[in-house]
Structure formats: structure tokens, C-alpha cells
Amino acid sequence: MSKYTKMKTSFTDKECLAAALREFFSEGSVEVFAEPTRLVGFEGELRAERAEIVVRRCNVGAGSNDIGFAREKDGTFSFFVSEFDRSVYNRGTDTRYDQAFVEKIKQPYAVRVAEQTLAALGFRVASREKVRGVMHITGVGF
Amino acid sequence: MMRRIEITIDEHGVVSFTIRGVKGQGCADIANKLKAALAGEVLEEKHTSEYYERPQAVGKRVGQ
């Protein structure tokens, strides 16, 4: 049984984090729960670790365990991944499920938080463009 | 006047933003809300000259 490791992240918005993850997995692969749910190991056994955002093992890789993001008391999410899966490759992010994977999620996460905040401030997104890897978003309001 | 917020987010999730068409405290309020929402992600905040301007008074004097 591969031990889970926990990586701290700076993500705080559950829906924005789930939406960012959906860029890198097939449709329906990213599950969101109101309460933390048990992760499942590669043999189908329930593991002690719990998470509110879960990608089931069949969508992670062959012989994989679930991966998940769990809310901490300080409001941030931690990333749960098994030691085995830290060496598994994710085609969407072009990384293994390690710190590099977390880094790849940061841009799409920030895009969603930025656009959500623009809407809350009464701005609409007038343009969104990616130029040489950098996202440019313009919000306009009256 | 149209208010405008230009946001850039690099590949590492580092955010910078510029606010245009909003003067003084209104600009600072928007900047603070953006920074709060993007907790830990904001690297750079650019102030345009409008930031340092005082908002125009609204309303007019009527009669003597």
C-alpha cells in the first residue's frame, strides 16, 4: 500500500480549484463534495485520508490511488497524493503528480478567481487572451 | 467614464493588475478586493496617475 503524502498549496476557492483541475482531466473526472470523503486506494480499499475534491484512481493512471484536495483549518487546500502516484505522468499538465502538477494548476486557478472577482466588482470580461503562455484578461465596467 | 481592469497571469500563477478610470479611494478599494481574492498570488500592483487623483464632487449648487 502506497503511503499518501500531503502538499500544502495556496488555493482557497473550492469551485475555482475544481474548475482549474477539469482542464487536465476528462469530463466528469473531478468530483466535488460538500464534506470530505474518503480516498480509495488502488485495490479498492478505503484510505484514512479525506478530501473535498477528488479524482478517482481510474482517471489518475494504471495501478493508481485517488488523488484529492482537502480543506485545511486555515482555509487553504492541501494536495493528497500517494508516493506511487507522484511518479505517474499526467498528459494534461505534462508533469508527474508532484509539486510541478500543483504549479501547473496555479494559472488556470488564478484566471477563474480573477474573473469571478471581476464579476463581483461589477465588471464584465471584455477580452481573454493567452500570449506566449501569459493570460491577459480585461474587465470593463461603467 | 469607462472603468477598466487589466489583469495578467503568468505560467506560474503570478498576477499583476492595472486599474484605469477609477480615482483615489475607489481605486484602492478595488485593488484591495482583488488582492484579497487572489490571496498569495499577487506580485505586482501598478498605480496609474488616476490613483492619486481625488474623485470629482457629485452634484451642483442651486440658486443663491
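Structure notes:
- Residue in segment A:5-17 that is aromatic (F, W, Y), under 16 Å from the mean Cα position of the chain (by Cα) and surrounded by fewer than 19 Cβ atoms within 10 Å (Cβ to Cβ) present: no
- Test result for A:S87, in contact with a helix residue (DSSP H, G or I) (Cβ under 7 Å, 6 or more places away or on another chain), over 23 Å from A:E15 (Cβ atoms) and more than 12 Å from chain B (Cβ to nearest Cβ): no
- Residue match in segment A:50-71 (condition: within 30 Å of B:S16 (Cβ to Cβ) and surrounded by fewer than 15 Cβ atoms within 10 Å (Cβ to Cβ)): no
- A:S78 being over 12 Å from the mean Cα position of the chain (by Cα), away from every other protein chain (no Cβ under 14 Å), in contact (Cβ under 8 Å) with a residue 12 or more places away in the chain and more than 24 Å from B:E6 (Cβ to Cβ): no
- Failed criterion for A:C58 (all others in (1) out of contact with any strand residue (DSSP E or B) (no Cβ under 7 Å at 6 or more places or on another chain); (2) hydrophobic (A, V, I, L, M, F, W, C); (3) at pLDDT 95 or above hold): (3)
- Each residue in segment A:101-136 was checked for being surrounded by fewer than 22 Cβ atoms within 10 Å (Cβ to Cβ), in contact with an Asp or Glu (Cβ under 7 Å, 6 or more places away or on another chain) and within 7 Å of chain B (Cβ to nearest Cβ), and 3 pass.
- Index of the failed condition, A:R38 passing every other in (1) closer than 22 Å to A:D13 by Cα; (2) part of a loop (DSSP other than H, G, I, E, B); (3) more than 12 Å from the chain's Cα centre (by Cα): (2)
- Test: residue in segment A:1-11 that is of a type in the set (G, A, S), within 14 Å of another protein chain (Cβ to nearest Cβ) and either free of Cβ contacts under 8 Å to residues at least 40 places away in the same chain or part of a loop (DSSP other than H, G, I, E, B) (or both): yes
- Scan of segment B:2-16 for residues that are in a strand (DSSP E or B) and surrounded by 22 or more Cβ atoms within 10 Å (Cβ to Cβ), ordered by number: B:I5, B:I7, B:I9, B:V15
The values are calculated or read from the model by the stated rules, or taken from the named source; none is laboratory data. What you see is a predicted model, and the numbers here were worked out from it, not measured in a lab. No Cβ is skipped: glycine too gets one built from the backbone with ideal geometry, and neighbour counts run over all protein chains shown.
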